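J.: For reference, the structure I am asking about is given below.
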Amino acid sequence: MPVIYVSFERKVLPLDSRPLFISYPDADAWSKFAVPLCPFEAYSLGSIEDHSTDALQVDFANKYIGGGALHRGCVQEEIRFMINPELIAGMLFLPSMADNEAIEIVGAERFSDYNG
């Protein structure tokens, strides 16, 4: 059943080392935490888009959302934008990310399949 909407949200981690009202651990602190992180699964085989639709899927490919999807690119991010074409809309209003940014996209649906 269709989700009906797709949401795009830019997430920004402040560059200031002590921003007002925001706290987050530095890189070294993660290895010293006593509380375990939640369980997760990583797959080394198959395509990311063929795994569970309920899974969090992450792509670290390019600062430009969609990568080379409109310029003859043909790797993971570009393939995802071709089989989920509503993602292309995000290229209009979220064209690129800074080093301290991420873009969360929820609700995109698979429209087609591919080989190769």
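J.: Quick one: would you say residue 12 is open to solvent by 100 Å² or more (accessible area, probe 1.4 Å), modelled with pLDDT of 80 or more and of a type in the set (Val, Ile, Thr)?
T.: no
J.: In addition: Could you figure out which of (1) over 15 Å from the mean Cα position of the chain (by Cα); (2) at negative phi; (3) exposed (fewer than 10 other Cβ atoms within 10 Å of the Cβ) isn't true of residue 56?
T.: Here residue 56 meets the rest and fails (1).
J.: When you scan the stretch 41-69, how many residues do you find that are of a type outside the set (A, V, I, L, M) and over 24 Å from residue 100 (Cα atoms)? I'd like the intermediate steps shown before the answer.
T.: Going residue by residue through the stretch 41-69, those that are of a type outside the set (A, V, I, L, M) are 41, 43-44, 46-47, 49-54, 57, 59-60, 62-64, 66-68.
After this cut, where a residue has to be over 24 Å from residue 100 (Cα atoms) as well, the list is 41, 43-44, 46-47, 49-54.
So the answer is 11.
J.: Determine which single condition residue 61 fails, assuming it passes every other condition in (1) open to solvent by less than 90 Å² (accessible area, probe 1.4 Å); (2) within 22 Å of residue 12 (Cβ to Cβ); (3) modelled with pLDDT of 75 or more; (4) not polar (S, T, N, Q).
T.: (3)
J.: Counting just the residues of the stretch 80-111 that are open to solvent by 40 Å² or more (accessible area, probe 1.4 Å) and of a type in the set (Val, Ile, Thr), which one comes out nearest to residue 14 (Cα to Cα)?
T.: 105
J.: Residue check: is residue 114 in contact with a helix residue (DSSP H, G or I) (Cβ under 9 Å, 6 or more places away or on another chain), in a loop (DSSP other than H, G, I, E, B) and farther than 29 Å from residue 14 by Cβ?
T.: Judged against the criteria, residue 114 is a match.
J.: What are the residues in the stretch 56-92 that are part of a loop (DSSP other than H, G, I, E, B) and without any contact (Cβ under 8 Å) to a residue 12 or more places away in the chain, if any?
T.: Of everything in the stretch 56-92, those that are part of a loop (DSSP other than H, G, I, E, B) and without any contact (Cβ under 8 Å) to a residue 12 or more places away in the chain turn out to be 56, 57, 58, 60, 68, 71, 72, 73, 74.
The values are calculated or read from the model by the stated rules, or taken from the named source; none is laboratory data. Since this is a predicted model, take the numbers as computed values, not measurements. Using ideal geometry, Cβ is built from the backbone for each residue, glycine included, and neighbour counts are taken over all protein chains shown. Remember, those area values only see protein heavy atoms, side chains included, never the ligands or the DNA or RNA. Shrake-Rupley method; radii C 1.70, N 1.55, O 1.52, S 1.80 Å.
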